[in-house]
Amino acid sequence: MSLWQEIAHPCVWMTPEDFPRLQANAQLPFWKEKLDRYRQELAALDYLSMQGPSGNMGMTGFNSVKLDFHPGVNKTALKAAMCHVVDQDDHTGKLVATFLEDVLSYYRTKSPIWRDLMGGLKKGTWTGEFWGGLAENHIIDPMIWFSTAHLYDVIYGKNYLSADQCVEFETMMSLFHQLCCLHEEFTKMDNNRSAWLNGGSYLSALFDENPIRAKVTMDKCVANMHRLMSTIMDDGCHYEIGPYCEAAVKAIQYNARIMRNVQGHDFFKAGDYGPGFEKASWGWINRLIPGSSLRLLTMRDRVNHWDATCYFYREYKIPEVGWAINRMHERPWVPMFRHWPQGSEFYVYEQPDNAKAPTFLDSHFDQAGIAILRSSWEADACSMFFRYGFQGSSHGGGQDKLNFELTCNDEPILCDPLISERSHDRNLVTVDGHTQQQCNGKALHVDVENGKRLQVVSALGGLGEIPNRPVFHDPRSEVGYWCTRYDECFPGLARHRRTLLFVDRRYWIIRDTLVSLDDQLHEYQWMFHSFGNAVGVGKMTERVEHTYDIKRLFWSERPQPERRLTNRHPLDQAGRLQFASDKATADLLMVGVNMDVPASVDLWQTAAKHHYSGTPEGGDGIAAAPLTGSCFKVTGKDVALVTVIDARPTGKDAHVKSVQTLASNGVDGHLLQIQTATGTDIIQINESDQALELDGKNIDPGFELQ
């Protein structure tokens, strides 16, 4: 007898104690409308068959996958399960059973060769391409096992499947941990894929009738949780940083939920593995970007009904998490029936009764190296997302130290366009056509207190350290080849420092300092990308080709130089450029030290991911939007460029009128005068480590608004 046959059911997404709460959920307007619609849809069906995706797989990119819940396929089975949990009716129970019967039919076509495929015997060497599971892919497969186990869980013991079918299904589920679990990813237990494999292995072992073998796997999976939990850093970020940060925390939480439901292991309490899930909840809140619909960087409009967020609210009752859940429920949205959220928010949802908007406006993650500065939490707010630390904003390395994205009125008006992980596709500076090497950035000055008129974040593109957590220093981990091979972004060429100042929650100052490391002249290129159009430029004068020496993201990559053809335009006024869209406008006003401000700009047009365009009930989709890229070229040794950015909803009057340098001392000292619609601001800057003379006065290191 397996442990699955001994424990109480359901156990995957919920427990028997959850049924009263789920009945209450079903009567809430938000959920009742959806359940009524699902019931009507399901009433017309006599059976469900397994649907394989066709064409592009969206986020997964794996076209060989036969069974998946990722791009919105097979969501009808998940809807039937949800309705059955609420109604306990025969019709939806039988629909779930017919779907699982089809899964078993597919399994029969694979079962004779599963052991050979999963053992890599076809070619003599195991690879993910020859994984023989339900999804036929080593990354997706454990997620599918969670979904199929959930469907089986809600009808377990109700005789909708025959006894022989139950035996066959449970045999199939038990094979996962025997044949393929803890295989490729076991040696580097630090990412979302390993978390899925660990949880899928534990789940599979529940079905194994060999109690010793099952215990070996389950004990190992529980032990692995200490390492997985330690990948959540002290500041609440998972080390994968970008969109995989959310996926990794969610996958680790799935491990913790099934282990708690089955054996009572409680990884929701603090432990010796780091700050834990409660800190991760705060990390999620602190990464939110305000707008009419809350979102996260690189996710555009995709902060939807993550069941992990709702589970965290139930666990810790953090008022700000409740506020975010309520905000998400204000819009016409439903759970996405895919293997990330699983459509399972319903099972963990609890109506927040203590919701409170965040009182903080700015967030700083000192280990991840992220800062977010916000004007407010209103829909038309401006916010700046700044990345300097170890890892990158994309999957893996992401050559984007000191990259930023400026959002205003729901528009990423100066955007991270998500075209690639390369430096020249970000809002960065390149040196002599070289993109960044992978390295760890370093914070120099951070002051983001709410009550001050001036918020400051300053960082170096390099010379930082990996967080002092053993998992990140393990040579088996991914960190070693993603981001730790160089001391700085442009070794031997130039050192880049970027400072962000937010003045009166109204406008931004970006101060870039480039210092030559070889005492030679260098060509510096400033990149700005926008979903708006460039305004304030004359007619094209010539076509200009840029060549970028691409650095590899991982050891097996051998990238070739990339060429970009641009159109050179004179600026109507040197050092001034505007980007304008239907929602937002951003004025860029520049002054320089040891350099002339740009008199021309190189522009190019392309398209990039912009906002979520999938159907409400699943289906991947990020709609592409026209993208304007721009580049300013400057040649020099030690230079500084100040870019004042006035971002506002389109139609509102400009706030910043002009900017000028009153005094400077090398590239470290700067006295700026900024004329605004309400007066004159004097910004005093000393970025050195000692007093400097500016305008006849000795100025201590730091930043001051007068």
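The values are calculated or read from the model by the stated rules, or taken from the named source; none is laboratory data. Everything numeric here is computed off the predicted structure, so don't read it as measured data. Don't worry about glycine lacking a Cβ; one is built from the backbone with ideal geometry, like all the others, and counts go over all protein chains shown.
Data table
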{"quantity": "Single unsatisfied condition, K356 versus (1) in contact with a Phe, Trp or Tyr (Cβ under 6 Å, 6 or more places away or on another chain); (2) under 27 Å from D646 (Cβ atoms); (3) among the charged types (D, E, K, R)", "calculated": "(2)"}
{"quantity": "Qualifying residue in the range 394-403 (condition: surrounded by fewer than 22 Cβ atoms within 10 Å (Cβ to Cβ), out of contact with any strand residue (DSSP E or B) (no Cβ under 6 Å at 6 or more places or on another chain) and within 18 Å of E240 (Cβ to Cβ))", "calculated": "yes"}
{"quantity": "Some residue of the range 13-31 being surrounded by fewer than 18 Cβ atoms within 10 Å (Cβ to Cβ), aliphatic (A, V, I, L, M) and under 30 Å from Y107 (Cα atoms)", "calculated": "no"}
{"quantity": "Selected residue (only one of G396, G392 is modelled with pLDDT under 90 and in contact with a Leu (Cβ under 7 Å, 6 or more places away or on another chain))", "calculated": "G396"}
{"quantity": "Tally, over the range 149-175, of residues that are hydroxyl-bearing (S, T, Y) and either crowded, with 24+ Cβ neighbours inside 10 Å or in contact with a Leu (Cβ under 7 Å, 6 or more places away or on another chain) (or both)", "calculated": "1"}
{"quantity": "Any hit, the range 625-645, residues being in the same structural domain as H434 (by TED's automatic domain parsing), outside any strand (DSSP E or B) and in contact (Cβ under 8 Å) with a residue 60 or more places away in the chain", "calculated": "yes"}
{"quantity": "Which listed residue, of A624, A584, A608, A580, is buried (at least 17 other Cβ atoms within 10 Å of the Cβ), at pLDDT below 95 and within 25 Å of S420 (Cα to Cα)", "calculated": "A608"}
{"quantity": "Number of the exception - L288 against (1) touching a strand residue (DSSP E or B) at 6+ places or on another chain (Cβ under 9 Å); (2) modelled with pLDDT under 80; (3) closer than 28 Å to V448 by Cβ", "calculated": "(2)"}
{"quantity": "Number of the condition not met by G199 [criteria: (1) part of a loop (DSSP other than H, G, I, E, B); (2) touching a Pro at 6+ places or on another chain (Cβ under 9 Å)]", "calculated": "(1)"}
{"quantity": "Condition check for D353: among the acidic types (D, E), surrounded by fewer than 19 Cβ atoms within 10 Å (Cβ to Cβ) and modelled with pLDDT of 95 or more", "calculated": "yes"}
{"quantity": "Residue within the range 467-476 that is at pLDDT 90 or above and under 24 Å from D362 (Cα atoms) present", "calculated": "no"}
{"quantity": "Residue tally, condition crowded, with 24+ Cβ neighbours inside 10 Å, more than 28 Å from the chain's Cα centre (by Cα) and closer than 18 Å to V471 by Cβ, over the range 196-246", "calculated": "0"}
{"quantity": "Every residue from the range 44-57 that is at pLDDT below 80 and crowded, with 17+ Cβ neighbours inside 10 Å", "calculated": "Q51, P53, M57"}
{"quantity": "Residue count, the range 650-706 (criterion: of a type in the set (S, T, Y), touching a strand residue (DSSP E or B) at 6+ places or on another chain (Cβ under 6 Å) and part of a strand (DSSP E or B))", "calculated": "4"}
{"quantity": "So R498, is it over 30 Å from S194 (Cα atoms), in contact with an Asp or Glu (Cβ under 6 Å, 6 or more places away or on another chain) and surrounded by 22 or more Cβ atoms within 10 Å (Cβ to Cβ)", "calculated": "yes"}
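Each row is one residue, and each column tells you yes or no for (1) touching a Leu at 6+ places or on another chain (Cβ under 6 Å); (2) modelled with pLDDT under 90.
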residue: W4; (1), (2): yes, no
residue: A8; (1), (2): no, no
residue: P16; (1), (2): no, no
residue: Q27; (1), (2): no, no
residue: M59; (1), (2): no, yes
residue: D68; (1), (2): no, yes
residue: G72; (1), (2): no, yes
residue: K79; (1), (2): no, no
residue: M82; (1), (2): no, no
